[in-house]
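Have a look at the structure below, then the notes.
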Amino acid sequence: MRREAEASDQAAKFAERERTYTSGNVSKNAALMLDALGSPLRRKMVARLKKEGAVSVSKLVQPFRIKLPLAMMHVQILEKSGIISTHKRGRVRICVYNPMAFRELSSWLIS
């Protein structure tokens, strides 16, 4: 039973790595970014971050009038794709736009 639990944990970790940005794995990262940008709401969030710079999750989603748990889900998808990064400052989670992600995506699209 213990081995089954360990195997299940290993499989879950592997699956999570497959859904997370990995430096140097351009084709996987491009797929993650394109999936993340498939949502109009997430595209608007990224455009807002690019325009305004680093902001809290609350301020980022304020004009969209969505609840914080849904906002965090979208932020996590963008973060796992490498488009944004986040860090906590006290109780506030700050979102930062990552322009290198789009450079990587554009180089993949060109090749």
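Derivation of every value follows stated rules applied to the coordinates shown; laboratory data play no part. Being a predicted model, the structure only gives us computed values, none of them experimental. Using ideal geometry, Cβ is built from the backbone for each residue, glycine included, and neighbour counts are taken over all protein chains shown.
Can you tell me the 0 to 90 degree angle between the C-alpha axis of helix 68-80 and the longest principal axis of the chain, rounded to 10? Computed tilt is about 70 degrees.
Spin-label model, Ser39 to Met72: label points 7 Å out along the Cα-to-beta-carbon direction sit 1.4 nm apart.
In the chain, the longest principal axis of the Cα atoms and the axis of helix 2-18 are about 40 degrees apart. Size descriptors for the chain (Cα atoms only): Rg and Dmax, in that order, 15.8, 52 Å. Comparing Glu16, Glu52, Glu79 in a Gaussian network model of the chain where C-alpha atoms under 10 Å apart are linked, the largest mean-square fluctuation is found at Glu16.
Go ahead and estimate [θ] at 222 nm for the chain from helices alone: -39,500 (n - 2.57) per DSSP H run with n ≥ 4, summed, over the residue count, rounded to 500.
Working: 6 runs with 71 residues, N = 111.
The helix-only estimate for the chain comes to -20000 deg cm²/dmol at 222 nm.
Once the Cβ-Cβ distance between Ser111 and Ala15 is put in as r, and R0 is 41 Å, what FRET efficiency do you end up with, to the nearest 0.05?
Values: r = 27 Å, r/R0 = 0.67.
Computed FRET efficiency for Ser111 and Ala15 comes out at 0.90.
Past the 25 Å Cα-Cα mark, which pairs from Lys44/Lys67; Lys28/Lys50; Lys50/Lys88; Lys44/Lys80; Lys59/Lys88; Lys28/Lys51? As for pairs spanning more than 25 Å Cα to Cα, those are Lys28/Lys51.
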